[in-house]
Amino acid sequence: MKKTKLTKIVTFGLVIALIAGVACVRSFAKDNKKQAEPAESKKVVKKITPTSMKGALFIGDSRTVGLMEYSEMEDPDFFCSVGMSTMNINDECVSVPKVGKVTLEELLSNKKYSKIYLMLGINEVGCDTDTVISNYAAIIDSIREKQPDAKIFVEANLHVTKDKSDTDNLINNEAIDKLNSKMSEFANDKDIFYMDANPEFDDDEGNLSSDLTSDGVHLYAKHYIKWGQWISTETTRLLKEN
């Protein structure tokens, strides 16, 4: 009787030990699995608040005309014309909405701006680069003299499509990149900044995407909205990082 009872006690103890052992093994395996599995990296995407375009002035050629007409930016002033270049900008008399017909000197002398965007070069990209850059420098100096408190943003010229670039001896992406590279040297990241929107509109080969344009040079109207929004957020990034 005593032997039977002792046997039951031993058997019961063995069962309990076995259950405990299984539980420990499972717990150990679970902990090891957690350690083996890499922790999911949480990507924090910081949202950039677009900069207000109040008090802004855009100066440029036909692409800037496109921004004026189609970007839906209502706050900035636009001093631009289809054939504007660094060579004729001081001779141009432009009708600026809400201002009137003025020269650039008159506009800069009579109205204060906090941000001035400058994009010129596509109409003279085939000319001597040093001459164009020298003209650019004179324009920036003139802007700085008349608007000492304004932030100046030198905008890279957008690329053209591959077909346009391959068939035009003057307006091609090699020449555009050369000019843009020289223009970028004006930036001091204090009061003069360089911004390049080409990655927003280029294809995988670094040409303007052919599905964004009808003539290989200018964006379809609907894409100027994206460009305007990009300029606003890129302005925020540049001012915040510098």
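The values are calculated or read from the model by the stated rules, or taken from the named source; none is laboratory data. Because the structure is a prediction, the values reported are computed rather than measured. As a convention, Cβ positions derive from the backbone with ideal geometry for all residues, glycine included, and neighbour counts pool all protein chains shown. These area figures cover heavy atoms from the full protein model, side chains too; ligands, DNA and RNA do not enter into them. Shrake-Rupley method; radii C 1.70, N 1.55, O 1.52, S 1.80 Å.
Observations, loosely collected:
- Taking segment 154-193 and a reference point 7 angstrom along Cα→Cβ of residue 131, the backbone N atoms nearer than 16 Å belong to 170-171, 179.
- The alpha carbon gyration tensor of segment 191-242 gives principal lengths a ≥ b ≥ c with a/c of 1.5 or higher and a/b greater than b/c, which makes the shape prolate.
- Charge dipole of segment 172-242 about the Cα centre (unit charges at C-beta), most positive-ward option of 223, 181, 199: 223
- Within the accessible surface of segment 125-242, defined with a 1.4 Å probe on protein heavy atoms only, the carbon and sulfur portion equals 44 percent.
- Where labels lie 7 Å past Cα in the beta-carbon direction, separation of residue 178 and residue 215 in nm: 2.4
- 25 Å Cα-Cα threshold exceeded, pairs from 151/222; 146/226; 164/240; 115/162; 98/151; 146/190: 151/222; 146/226; 164/240; 115/162
- Per residue accessible area in Å² of segment 41-193, where ligands, DNA and RNA are left out and the probe is 1.4 Å: 52
- Proximal aspartates and glutamates relative to residue 54, as straight alpha-carbon distance under 16 Å, when same-chain residues fewer than 8 apart are discounted: 72, 74, 75, 77, 149, 234
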